[in-house]
Amino acid sequence: MSNETPQIGRAVMTFSVEGLAAREELLVKSFVRLLKHRTIHDWFYQAQPADLRMVADGVLSKNLAVLSGEQQQALVLGATPSQRPNYLCLPLRADELLAELNRLGGLIAAARPALTDTPDWSRETIRLLRWPPAALVATPQRMRLATLLTGKPLTLAQLQLRSGQSLVPCTQFLDDLHRAGLLDRPQQNVGKAAVVPVATAKLAIAPLGLLARIRSRLGILNSGKS
């Protein structure tokens, strides 16, 4: 597991390497690590599934820009110079790899669900929708936080108390999970859920009240005729 942790304010991206010789795979990983201070996004290596698949030419049956209709992208690495899209020639050139990481990272980020709010975690209850990629739980502290969030929804205060961690690492971790679309925030739906039964109840009560008034009125009329 990597000792690296995501940087505040940068979207986390993951990449895998497939089909390359061990030496070439090591060089690719080293290139990405050296370029991290220049990339727009925060890149971490992860075995499949990853946001970006770096694959040796010929591994994919066809050159796909978008593989699964979701966020995942492919970058083909080959030995022959070519102008094909999503393709780089080995040995890698730093400027070309940097450009591709930024371009493909932008496509991945655009495909992720839009974030329309900046949560105040002190007012939230939170739990995980699914286990995060390895890049987001790259330290024992983050692994502990993620494990705690797999159970019942927790408040920020509860998360701090049970993890023994301070406010900053907890909120940074929640921010990273939120950007990755991995958090379930149950109370978001509480307001909506509360309105529906009330509205339904009013619809149900109104006809009953009307029928009761009609029956009462008829009862008065009948008693007047008797």
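Is it the case, given these coordinates, that residue 85 is at pLDDT 85 or above and open to solvent by 60 Å² or more (accessible area, probe 1.4 Å)?
Taking the combined requirement at face value, the residue satisfies it.
Scanning for something surrounded by 19 or more Cβ atoms within 10 Å (Cβ to Cβ), modelled with pLDDT under 95 and in contact with a Pro (Cβ under 7 Å, 6 or more places away or on another chain), does region 123-133 turn up at least one residue?
yes
Quick check on residue 103: is it modelled with pLDDT of 90 or more and touching a helix residue (DSSP H, G or I) at 6+ places or on another chain (Cβ under 9 Å)?
no
Determine whether residue 64 is over 22 Å from residue 131 (Cβ atoms), at pLDDT 90 or above and open to solvent by 20 Å² or more (accessible area, probe 1.4 Å).
no
If you scan region 32-58, which residues turn out to be in a helix (DSSP H, G or I) and within 14 Å of residue 100 (Cα to Cα)?
32, 35
Condition first: acidic (Asp, Glu) and modelled with pLDDT of 95 or more. Can you find one or more residues in region 4-18 that meet it?
To start, the set of residues in region 4-18 that are acidic (Asp, Glu) comprises 4, 18.
Still in the running and modelled with pLDDT of 95 or more: none.
Within region 4-18, not a single residue is acidic (Asp, Glu) and modelled with pLDDT of 95 or more.
If the requirement is being open to solvent by 40 Å² or more (accessible area, probe 1.4 Å) and among the small types (Gly, Ala, Ser), which of these qualifies: 74, 111, 146?
After applying the criteria, what remains is 111.
The values are calculated or read from the model by the stated rules, or taken from the named source; none is laboratory data. No experiment lies behind these values; they were computed from the predicted model shown. Virtual Cβ from ideal backbone geometry, glycine too; neighbours counted across all protein chains shown. These accessible areas exclude ligands, DNA and RNA; they are computed on the full protein's heavy atoms, side chains included. Shrake-Rupley method; radii C 1.70, N 1.55, O 1.52, S 1.80 Å.
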